[in-house]
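Here, each number is a calculation from the coordinates, and none is a lab measurement. For clarity, every value in this text was computed on a predicted model and none was experimentally measured. Every residue, glycine as well, gets a Cβ built from its backbone with ideal geometry; the counts of neighbours run over all protein chains shown.
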Amino acid sequence: MTSAIGRVPIGRNPPIGRVVVLLGAPGAGKGTQAQILSERLGLAHVATGDLFRAAVRDETPLGLAAKGYMDRGELVPDGVTIEMLLERLAKPDAQAGILLDGFPRNTAQAEVLDKALAEKGGQVDLAPYIEVPEADLVARLGGRWICRAQGHPYHELNKQPAQSGVCDVDGSDLYQRTDDQPATVQARLRQQLGALDLVVDYYRKRAVLTVVDGRKDIGQVTVDLLAAIVPAIGSRG
Ligand SMILES: [Zn+2]
């Protein structure tokens, strides 16, 4: 890994907290659960997208490095993202640990993360996977319709109009944007699921994977996740 950023000597770092990697496909409810779990468990919720935007906005050395890559139209290297994560881990609110949401996205990133944590005496303690079958994900992600007049949103699963195809508010036609059509949703999802499956396998081999049934309602999924996570993160150290 090459980085313009100098490394802080390992010996001066405080011990690293728990690291929980929450896994789930788009539409599996991962972001919602991450928010609830981080509050219940006292772990900092670290969504890499937010981390990234904050570093660029605050013009930290890492943020500037990342911005440089983006300005040149290049992907930000995993090494830079990892350095940002490690910086985040060192913040006071992350002392108990972090709940990672949205990283790693592929096995290369998972390997880099493992190495970086190991150098600091840490590890991924648990990787809970909110599993939802592909067909359910397509239904969740692809059931969105909006009205032509004002864009009022509807959903086949949980917010149907009183009269099929007609907006309750203004009576205009409902339509699906290309992005929300099942074929588009399914094609996009397939790509993402391919990478996710490999990451799931990676953590299964590391014996830190735990699978939770994401077809249940939000409250029950939270209960199941807590039942899996609490014993695991309480058992180390
Ligand atoms: Zn409308």
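Just checking the listed ones, Val138, Val166, Val19: in the Gaussian network model of the chain with Cα springs under 10 Å, the one fluctuating most is Val166. For the chain, the relative contact order is 26 percent, taking Cα pairs closer than 8 Å that sit 6 or more residues apart in sequence and dividing their mean separation by the residue count.
The slack between Asp71 and Thr178, meaning 0.36 nm per residue of separation minus the straight C-alpha distance, is 35.6 nm. Under the convention that each Lys and Arg Cβ holds +1 and each Asp and Glu Cβ holds -1, the size of the dipole of the chain around its Cα centre is about 500 debye.
The packing ranking, built from the mean of other Cβ atoms within 10 Å per residue, places the peptides 196-203, 226-233 in the order 196-203, 226-233, highest first. If you average the C-alpha positions of the range 129-161 and of the range 83-104 separately, how far apart do those two centres end up, in angstrom? Taking the Cα centre of each part, the range 129-161 and the range 83-104 sit 32 Å apart. Here Glu83, Glu74, Glu134 are placed in order of increasing Cβ neighbour count within 10 Å, fewest first, which gives Glu74, Glu134, Glu83. Calculate how steeply helix 30-41 sits against the longest principal axis of the alpha-carbon atoms of the chain, using the helix alpha-carbon long axis, and give the answer as 0 to 90 degrees to the nearest 10. That helix lies at roughly 50 degrees to the long axis. The angle separating the long axis of helix 218-234 from the principal Cα axis of greatest extent in the chain is about 10 degrees. Of all the options Ile218, Ile16, Ile98, the one that moves most in a Gaussian network model of the chain with Cα springs shorter than 10 angstrom is Ile218.
So for the chain, Kirkwood radius off the Cα pairs, Stokes-Einstein at 4 °C and 1.567 mPa s: how many µm² s⁻¹? D, rounded to a whole number, is 66 µm²/s.
When a footprinting reagent is the concern and you count Cβ atoms within 10 Å, what order do Met84, Met70 take, fewest first?
Result, fewest neighbours first: Met70, Met84.
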